[in-house]
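In what follows, a structure is listed as structure tokens, so that the remarks can point back to it.
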Amino acid sequence: MRVMAQLAMVMNLDKCIGCHTCSVTCKQTWTNREGTEYVWFNNVETRPGQGYPRRYEDQERWRGGWELTRRGRLRLRGGSRLRRLGRLFANPDLPELTDYYEPWTYDYRTLTTAPLGDDSPVARPISAITGAPTSVRSGPNWDDSLGGGPENLAADPVVARLRDELGTAVRFEFEQAFMFYLPRICEHCLNPSCVASCPSGAMYKRVEDGIVLVDQDRCRGWRMCVSGCPYKKVYFNHRTGKAEKCTFCYPRMEVGQPTVCAETCVGRLRYIGVMLYDVDRVTRAASTPDEKDLYPAQLDVFLDPDDPEVAAAAERDGVPHEWVEAARRSPVRDLICTYRLALPLHPEYRTMPMVWYVPPLSPVVDALARTGFDGEDTGNLFGAIESLRIPVEYLAELFTAGDPEPVRASLRRLAAMRSFMRSVNLGEVPDGAAASQVGLTEDQLRAMYRLLALARYEERYVIPTAGVGQAHDLEAVATRCSLDTDGGPGMGGGDSARGGPVELFVWNPHSRPDGLFPGSRPR
Amino acid sequence: MTTVDVVLWTVLPYVALTVFVVGHVWRWRVDQFGWTTRTTQVLESRWLRLGSPLFHIGILMAIAGHAMGLLVPKTWTEAVGVSEHTYHVMALAGGVAAAVLVVVGLVLLLLRRVVNGRVRRTTNRMDKALYLVLTAVITFGVVGTVGRNLLGGGYDYRETIAVWFRGVFWFHPRPELMVDVPLVFQLHALSALVLFAMWPFTRLVHVWSVPLAYLCRPYVVYRRRRPRTARLGAAAVSAPAAGVSGGRGHRPPRGPSFR
């Protein structure tokens, strides 16, 4: 057993309203630059839908993630190492810009400079890549809220698989349609296929917190990671010629702050915490023969920080005490292991993803209530889960490689919690049977309710700082401004010769405004 | 032999090779971030998927052919019993095949770069200069091979160019050998020297990053977080570097080395 710590996220899909605040704030923070116009480290897609890039889940086409060889060993789906090196000249599995979308802006200038005339001036779309007028044909969220209708949605790879392999038709008629939102970031997998694909060894998993990063200095632009990631969450910056990806906002994490997407989530549906896992068991778990066993196999990889043996091993393996403490209080661990509510996204890719999802339950209550039954009665609810408007099979294809049982169990627990808490709120004697039926205690249901419904900030995010071990060093940072060097700008000095403030509003990204960076000063 | 000949065939090679070597050292040390293929496949894939492999395989064949023709003395091949005629036929067959691949690939890639607006926009000045010189080198080379050796009477460059080329590396330059070489071969050599001098400042540096180490590396790379103190400058108390900065570890390191 070798203990490692991993920062992980859980998203409660019941609460996502698809407002895209996470996407926008993430973009403003990380990919608001030339070369990354089309890049969304965080995106929110509507399911059913094709996602971003379009149909990224179709691994027959994109060949991301891992597969098992005939001898049961893990191999990248893109082929053996030699085979992929042979494709350095042209990568057949690389999505093109069109598969994402051609980013655009508008010719706003004509709105103010158009000559006086009978018609109102129109701001026409302009390609952000070529600068030429363009017609907008797709976007990062083109089928938002089922936009585009049945012909668009039938191309959802999950819908297609349900239809072809299980014969389950997903209904798209307006009265029977269903949808929910799926926010996605990098999964920061335990067995990352992007890292394994990188020929330069520029991508790595951080030992301390498991965050997967691209070393911008060592990346040589072989773009194998882009096709290696089955979630298509590594992007190619066409300006710098380097790969970029979600960083799990590591500069914020290191000082104990949640990611920007989590911090700004208006639904408060994201949870961040530490998971301890046994790194020695990862490969074996990822090689589980039956895809449906991958979810339980990944659960087996996680370690219980309350187990004294694990705590001792963690200390031996150099996991700081603060991190073990954080793992004990981890909301993510509660949702994944204790309540078994959260499920991984596409475990069949065999990457052991670490951003998990609580499946959505909401529509069932409404649907039941509309038929005249008590929508929050346990018995009714349990029965209704079987005939959910969101088919359990669809959720199972997303979260458990097609095994509906874990999804049903998760939804039952959510239903039990609702029913239980309604009794509490109405002052009735809560039905203890609901809890025991789903294998939880009443206290656990209350704790679950607190975590999911109240979702206090400090309970959602339990993040040990990377700097705890270096607190003494960090003092120097915290107690004085880094600009306060002798004669530095913080001392009121600065480069007065460089002139006044920088007008960032009209800043042309091709240039560097004077005074943005301090020049070299004679020492 | 005039001064111009000495400048062209002695001074220029050494200047070009010096720039080549020093330029690479400089670029490697100051510009790791710029050291990349700058592939444009994400912008345009269809033409590249045909053109790029053709060009690269052709170029690799051409490089192998040059290595054989320039670095292996004629006496050696004759010693193992390869007659001039046999060698000529072999070199010509390989050379023409490489030329076809390279030319078709280059034309496809050049057209793509001009016609496709996305790719055109990412082309910077250095790329344009590189394409110009590269096209010149390839054109002169192909004209020399096809025009002179296939259709023309043939020219035994192993008696002159190859000897001159090796002399440069032995610090025993023999510029007089190049004086009477046919113009097209002279131009090929000169444009190649310019290409060598440009090399470190262009995207051609990706050639040196051929990731062969990938074949024998563990799949998943683990690395330690760099200690913050390294970036804080002298003001911060320096942390003992050992075990913390670990750097390029390829396996999860064992033992207590967290701070």
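Looking at the range A:124-131, is at least one residue part of a loop (DSSP other than H, G, I, E, B) and under 28 Å from A:P48 (Cα atoms)? No; the residues of the range A:124-131 include none that is part of a loop (DSSP other than H, G, I, E, B) and under 28 Å from A:P48 (Cα atoms). Considering the range B:108-119, and only residues there that are in contact with a helix residue (DSSP H, G or I) (Cβ under 8 Å, 6 or more places away or on another chain) and surrounded by fewer than 15 Cβ atoms within 10 Å (Cβ to Cβ), the residue that is nearest to A:G241 (Cα to Cα) turns out to be B:V114.
So that you can scan it fast, the table gives a plain yes or no per residue for (1) in contact with a strand residue (DSSP E or B) (Cβ under 9 Å, 6 or more places away or on another chain); (2) away from chain A (no Cβ under 14 Å); (3) in a helix (DSSP H, G or I); (4) farther than 18 Å from B:L106 by Cβ:
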| site | (1), (2), (3), (4) |
| --- | --- |
| B:A136 | no, yes, yes, no |
| B:F140 | no, yes, yes, no |
| B:L150 | no, yes, yes, yes |
| B:R158 | no, yes, no, yes |
| B:A162 | no, yes, yes, yes |
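In this structure, does A:Y38 turn out to be assigned to a loop (DSSP other than H, G, I, E, B), touching a Pro at 6+ places or on another chain (Cβ under 8 Å) and more than 11 Å from chain B (Cβ to nearest Cβ)? If you could, list the steps in order and put the result at the bottom.
Values: assigned to a loop (DSSP other than H, G, I, E, B): yes; touching a Pro at 6+ places or on another chain (Cβ under 8 Å): yes; more than 11 Å from chain B (Cβ to nearest Cβ): no.
For A:Y38, the condition - assigned to a loop (DSSP other than H, G, I, E, B), touching a Pro at 6+ places or on another chain (Cβ under 8 Å) and more than 11 Å from chain B (Cβ to nearest Cβ) - is not met.
Checking each residue of the range A:290-309 against the condition of being more than 10 Å from chain B (Cβ to nearest Cβ), modelled with pLDDT of 95 or more, assigned to a loop (DSSP other than H, G, I, E, B) and closer than 28 Å to A:L182 by Cβ gives at least one match.
Checked against the criterion of being among the acidic types (D, E) and touching a Leu at 6+ places or on another chain (Cβ under 9 Å), the range B:153-170 contains one or more residues that satisfy it.
Sort through A:A313, A:A285, A:A327 and tell me the only one that's touching an Asp or Glu at 6+ places or on another chain (Cβ under 7 Å) and in a helix (DSSP H, G or I). Show your work before the answer.
Details: A:A313 fails: touching an Asp or Glu at 6+ places or on another chain (Cβ under 7 Å); A:A327 fails: touching an Asp or Glu at 6+ places or on another chain (Cβ under 7 Å).
One residue alone meets the criteria, A:A285.
For beta carbons closer than 8 Å, sequence separation of 6+ or different chains, a first residue in the range B:127-151 that is buried (at least 20 other Cβ atoms within 10 Å of the Cβ) and a second that is of a type in the set (F, W, Y), the qualifying pairs are B:F140/B:F185; B:G144/B:Y155; B:G144/B:F185.
Is there a residue being crowded, with 22+ Cβ neighbours inside 10 Å, of a type in the set (S, T, N, Q) and at negative phi anywhere in the range A:280-297? No, the range A:280-297 contains no residue that is crowded, with 22+ Cβ neighbours inside 10 Å, of a type in the set (S, T, N, Q) and at negative phi.
Whether any residue in the range A:317-331 is within 27 Å of A:G402 (Cα to Cα) and in contact with a helix residue (DSSP H, G or I) (Cβ under 8 Å, 6 or more places away or on another chain) is what I want to check.
Step one: filter the range A:317-331 for residues within 27 Å of A:G402 (Cα to Cα), giving A:331.
From the residues that got through so far, the ones that are in contact with a helix residue (DSSP H, G or I) (Cβ under 8 Å, 6 or more places away or on another chain) too are A:331.
For the range A:317-331, residues within 27 Å of A:G402 (Cα to Cα) and in contact with a helix residue (DSSP H, G or I) (Cβ under 8 Å, 6 or more places away or on another chain): present.
Does A:G221 count as at pLDDT 95 or above, closer than 15 Å to B:V220 by Cβ and among the small types (G, A, S)? No; evaluated as a whole, the condition is false for this residue. So is B:F20 surrounded by fewer than 20 Cβ atoms within 10 Å (Cβ to Cβ) and at the interface with chain A (Cβ under 8 Å from one of its Cβ atoms) or not? When the stated conditions are applied, B:F20 does not pass them. When B:S83 is tested against (1) farther than 30 Å from A:P133 by Cβ; (2) modelled with pLDDT of 95 or more, exactly one condition is not met: (2).
On inspection, A:I211 fails the criterion of being on the phi < 0 side of the Ramachandran plot and more than 11 Å from chain B (Cβ to nearest Cβ).
B:R174 satisfies every condition listed in (1) part of a loop (DSSP other than H, G, I, E, B); (2) within 14 Å of another protein chain (Cβ to nearest Cβ) except (2). Just one residue in the set B:A91, B:A64 is more than 14 Å from every other protein chain (Cβ to nearest Cβ), part of a helix (DSSP H, G or I) and surrounded by 15 or more Cβ atoms within 10 Å (Cβ to Cβ); that residue is B:A91. When we screen A:E325, A:E348 for residues that are within 21 Å of the chain's Cα centre (by Cα) and surrounded by fewer than 23 Cβ atoms within 10 Å (Cβ to Cβ), the only hit is A:E348. When the strands (runs of 3 or more DSSP E) confined to the range A:178-259 are screened for residues that are touching a residue at least 24 places away in the same chain (Cβ under 8 Å) and within 30 Å of A:Y394 (Cβ to Cβ), those reaching at least 1 such residues are found at A:180-184, A:212-214, A:234-237, A:242-245.
Quick one: which of A:A367, A:A416 is assigned to a helix (DSSP H, G or I), of a type in the set (G, A, S), surrounded by fewer than 24 Cβ atoms within 10 Å (Cβ to Cβ) and at pLDDT below 90?
Values: A:A416 fails: surrounded by fewer than 24 Cβ atoms within 10 Å (Cβ to Cβ).
Matching residue, one of A:A367, A:A416: A:A367.
The one condition from (1) touching a strand residue (DSSP E or B) at 6+ places or on another chain (Cβ under 8 Å); (2) at pLDDT below 90; (3) surrounded by 13 or more Cβ atoms within 10 Å (Cβ to Cβ) that B:G247 does not meet is (3). Per the listing A:E96, A:E67, A:E175, A:E165, the residue uniquely more than 13 Å from chain B (Cβ to nearest Cβ) and modelled with pLDDT of 95 or more is A:E67.
Within the range B:29-44, not a single residue is farther than 28 Å from A:R218 by Cα and of a type in the set (A, V, I, L, M, F, W, C). Number of residues in the range A:268-282 that are in a helix (DSSP H, G or I) and acidic (D, E) equals 1.
Looking across B:T36, B:T10, B:T40, B:T18, one residue alone is without any contact (Cβ under 8 Å) to a residue 60 or more places away in the chain and either in contact with a helix residue (DSSP H, G or I) (Cβ under 9 Å, 6 or more places away or on another chain) or hydroxyl-bearing (S, T, Y) (or both). It is B:T18. Screening A:T259 with (1) facing chain B (nearest Cβ under 10 Å); (2) over 25 Å from A:E96 (Cβ atoms); (3) modelled with pLDDT of 95 or more gives one miss only, at (1). Just name the residue that is surrounded by the fewest Cβ atoms within 10 Å (Cβ to Cβ) out of those in the range A:233-251 that are of a type in the set (K, R) and within 12 Å of chain B (Cβ to nearest Cβ). Ranking the candidates gives A:R239 first. Considering the range A:70-86, and only residues there that are part of a loop (DSSP other than H, G, I, E, B) and in contact (Cβ under 8 Å) with a residue 40 or more places away in the chain, the residue that is farthest from the other protein chains (Cβ to nearest Cβ) turns out to be A:G72.
The values are calculated or read from the model by the stated rules, or taken from the named source; none is laboratory data. Every value quoted in this text rests on a predicted model; they were computed, and no experiment measured them. Note that we place each Cβ from the backbone using ideal geometry, even for glycine, and neighbour counts take in every protein chain shown.
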